[in-house]
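Working notes, beginning with the structure itself.
Every read-out reported here was derived from the displayed coordinates using simple, explicitly stated rules and does not represent laboratory data. Every value quoted in this text rests on a predicted model; they were computed, and no experiment measured them. Counting neighbours? That spans all protein chains shown, and the Cβs are built from the backbone with ideal geometry, glycine included.
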Amino acid sequence: MQNEGGECVKSNVRGVISLQFKDLASVKYSTLSGAQLREALLHGSGVCGAGQPRSDFEFSVLRLDLGTRWAMGNKYFKLRDNLDQLVVQKARRVLSFGGAWSNHLLALSQTAQISGIQSVGVVRGEEGFDNKLLARMRSHGMRLHFISRAQYRRRHDPDFCGELCQQLDCDTWLPEGGANELAVSGCEEIASLIGNRSKFTQVISAVGTGATLAGIVRGCSPTQKVTGIQVVSDPGVFDRIDHWVGNGVSASWSLFNGAGFTGAGSKSTGSTSAGSKSTAVSPYAKPSSRLLEFIVQFYKSTGIALDPVYTGPALSAALSAAFLHSIARGEKVVFVHTGGLAGTAGFISQFDQCADRASVQHYFARIHALTGQAR
Ligand SMILES: Cc1ncc(COP(=O)(O)O)c(C=O)c1O
């Protein structure tokens, strides 16, 4: 069987269609050269305004963005076991939630289609609204159902989800972003990709619901530090990650919100501390012009395309003055590129304001190539 990216999808022995990341074994890192790191620091948070950029640590990017078009980045790891379980349960139709530019709904539409399950996307917005991403979801057989912002706020309420399932003739639902225990256990595999290759001392990843980070923490060794960078203001995220991490042997972890650390946990010392719950996170999905310039310049110097909602803000925060204090001399840091590039099409007009128009064109050409999506 072939999906739209032309990649092969095999059935496993249980007869369940197992979604294959295109060549998981060859997932690679890009280690920034000294010049690329310096450029990134200069374009990042102005950390080097007066002084010199630091060059005494190594910074690499784990390229989950290169894995597959149909469940790019963390989506493959979050959805794979969920879809496999639905197949085993013989579920006919599943619903889930997202915004009009949701990478999660796009990935669900594709993985559900591959798994032979019908899908319904419950979208925050007005009936009749349309865009290229929604059109792609429909082209994968996803039925779209629009609800108001007020209704959308009830997406975590099991009674509301149950009513929607009944109304839309679905057997079950996946939470927004697919964030549940199966997603967390799926994301443990990200850690094995990191751990197998090299001895990184610190692993950094963007945090929304925290499911991806919790999986990485569970999968990393106690000698590694894992840092999540919050891109959404969410006072519940620390407790959620702590719950998902559980009591097994895992790495120590902390959360950073763009200005400071907001909590830390370590099972080896048995300590957790939810620090300040105040937030310095910029408004979700409202990238500043400075962030967009950073993304374009980062692409220009490294060839790595970041998105403006998750990986862009997180990587730029990881190179900020406030964060750099936590990186010791000689550390080998790896940033997990969690994908998110399909949703970037929702920001084209903002990117068009960037000074370096030629680089914006190249950036979108790359995104087009990686996601199979027209500009
Ligand atoms: C590209 C990207 N990176 C990171 C995240 C954050 O993942 P999580 O919600 O598991 O924290 C998301 C949300 O799913 C995402 O789309």
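If you only keep lysine pairs separated by 8 or more in sequence, or across chains, how many in the chain come under 16 Å at the Cα atoms?
For the chain, qualifying lysine pairs total 9.
Highest GNM mean-square fluctuation, the chain, Cα pairs closer than 10 Å: which of 104, 337, 325?
325
Can you tell me the FRET efficiency between residue 90 and residue 361 if r is taken as the Cβ-Cβ distance and R0 is 35 Å, rounded to the nearest 0.05? Walk me through the numbers before you get to the answer.
On the way: r = 47 Å, r/R0 = 1.35.
It comes out at approximately 0.15.
List the relative contact order of the chain as a percent without decimals, with contacts defined as Cα pairs under 8 Å and 6+ residues apart.
RCO, the chain: 19 percent.
Which percent, to the nearest 5, of DSSP beta bridges fully inside the range 60-215 are antiparallel? Before the final figure, lay out each step's value.
On the way: 0 of 13 bridges.
In the range 60-215, approximately 0 percent of DSSP beta bridges are antiparallel ones.
Compute the long axis of helix 34-43 from its Cα atoms, compare it with the longest principal axis of the Cα atoms of the chain, and write down the angle in degrees, 0 to 90, nearest 10.
Roughly 80 degrees between the two axes.
Taking only Cα atoms, what is the 0 to 90° angle, nearest 10, from helix 74-88's long axis to the longest principal axis of the chain?
30
Given the options 166, 113, 224, which has the most mean-square fluctuation in a GNM of the chain, springs set between C-alpha atoms less than 10 angstrom apart?
166
When all C-alpha to C-alpha distances in the chain are sorted into bins of 10 Å, what percent of pairs does each bin hold, rounded to whole numbers?
5, 24, 35, 26, 9, 1, 0
Roughly speaking, what is the centre-to-centre gap between the range 166-240 and the range 329-344 when only Cα atoms are used, to the nearest Å?
13
Quick one: work out the % antiparallel among DSSP beta bridges in the chain, nearest 5.
Here the share of antiparallel DSSP bridges comes out near 30 percent.
What number, rounded to the nearest 500 deg cm²/dmol, is the helix-based mean residue ellipticity at 222 nm of the chain, given -39500 (n - 2.57) per DSSP H run of at least four residues and division by all its residues?
Computed ellipticity for the chain at 222 nm equals -11000 deg cm²/dmol.
Starting from the Cα of residue 131, step 7 Å toward the Cβ, then list every residue of the range 88-104 with an amide N under 19 Å from that point.
Within reach of a label on residue 131: 96-104.
Take the alpha carbon gyration tensor of the range 51-145, find the square roots of its eigenvalues, order them as a ≥ b ≥ c, and report rounded if a/c is under 1.5; if not, report prolate when a/b exceeds b/c, else oblate.
oblate
Using 0.36 nm per residue of separation minus the Cα-Cα distance, give me the extension gain between residue 159 and residue 31 in nm, one decimal.
The residue 159-residue 31 span can extend by a further 41.4 nm.
To the nearest 0.05, how large is the calculated FRET efficiency for residue 233 and residue 57 if R₀ is 25 Å and r is the Cβ-Cβ distance?
0.30
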